[in-house]
Amino acid sequence: MKNQRKVLGEERREMLLQLLKDKGEPITGSELASITNVSRQVIVGDITLLKAKGEPIIATSQGYMYLIQNGSHLPMVERIIASNHLPERTEEELNLLVDYGVTVKDVRIEHPVYGDLIASVMVSNRKEVSQFMKKIKSTNASYLSELTGGIHLHTISAATKEKLDEAEKALKKANFLIE
């Protein structure tokens, strides 16, 4: 689907928007750059401009994603949970949540200097958890929770409140939750 010509300015941003809306799953900046025949850095700038115009685009560990609200494939009920665990249990925590049909949208900590730090996670199944973990390991990145001794928050979402309740109960049983 790569273009032979460089797609310019507003036409490119409209194309990016349509690609993100149509795909329904994350697309990497490199893929978008290849399709539009521009650099990945140009795509980063385009996404920033689209976000500034109010488009609900997020950057996940798997790529950019368009969040559609009404009639979306994305879950609608959400809550914030407080968790505490060592980095070695991150994959276990994420898998437990996605196994209950829950999407882990983000991780956030309260840093003593910077205040609230929030990072997108956006995992909904074991494959996405695996990709997320591989990316952490391959980049040798630190977990935000390492800055707070393991204490962190997640915004989680699901199709129903009951799914969130079940997932939270399982987290409690596995000693992840702070009460």
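Projecting the Cα atoms of Ser130, Leu164, Ala174 onto the charge dipole of segment 118-179 (Cβ charges, centred on the Cα centre) puts Ser130 farthest toward the positive pole. For segment 1-132, the solvent-accessible area of protein heavy atoms averages 54 Å² per residue (probe radius 1.4 Å; ligands and nucleic acids excluded). Axis of helix 126-139 versus longest Cα principal axis of the chain: the two differ by about 80°, to the nearest ten degrees. Give me the percent of accessible area attributable to carbon and sulfur for the chain, probe 1.4 angstrom. Answer for the chain: carbon and sulfur cover 52 percent of the accessible area.
Pairwise Cα separations in segment 96-176 fall into 10 Å bins from 0 onward with the following percentages, short to long: 17, 45, 33, 5.
Here each label is just a point 7 Å from Cα along the line to Cβ, and for Glu10 and Lys161 those points are 4.6 nm apart.
Farthest towards the positive end of the charge dipole of segment 80-130, among the residues Leu117, Thr103, Ile81, is the Cα of Thr103, using unit charges on the Cβ of Lys, Arg, Asp and Glu. Note: the chain, Cα convex hull, 130 Å³ per residue. Compute the relative contact order of the chain as a whole-number percentage, counting only Cα pairs closer than 8 Å that sit 6 or more residues apart in sequence. Value for the chain: 24 percent.
Evaluate the charge dipole of the chain about its Cα centre and quote only its size in Debye, nearest 20, assuming +1 on the Cβ of each Lys and Arg and -1 on the Cβ of each Asp and Glu.
On the way: 24 positive and 24 negative charges, 123 e Å.
Computed about the Cα centre, the dipole is about 580 debye.
Just from its helices, what would the mean residue ellipticity at 222 nm be for the chain, if runs of 4 or more DSSP H residues each count -39500 (n - 2.57) and the sum is divided by every residue, rounded to the nearest 500 deg cm²/dmol? Computed mean residue ellipticity for the chain: -12500 deg cm²/dmol.
Over 19 Å between Cα atoms, which of Lys51/Lys137; Lys23/Lys127; Lys21/Lys135; Lys135/Lys161; Lys105/Lys161 qualify?
Details: Lys51/Lys137 29 Å; Lys23/Lys127 17 Å; Lys21/Lys135 25 Å; Lys135/Lys161 30 Å; Lys105/Lys161 16 Å.
Checking Cα-Cα distances, Lys51/Lys137; Lys21/Lys135; Lys135/Lys161 exceed 19 Å.
The values are calculated or read from the model by the stated rules, or taken from the named source; none is laboratory data. Note that the coordinates shown come from a computational prediction; the quantities given were computed from them, not determined experimentally. As a convention, Cβ positions derive from the backbone with ideal geometry for all residues, glycine included, and neighbour counts pool all protein chains shown. Keep in mind that these areas ignore ligands, DNA and RNA; they rest on the heavy atoms of the full protein, side chains included. Shrake-Rupley method; radii C 1.70, N 1.55, O 1.52, S 1.80 Å.
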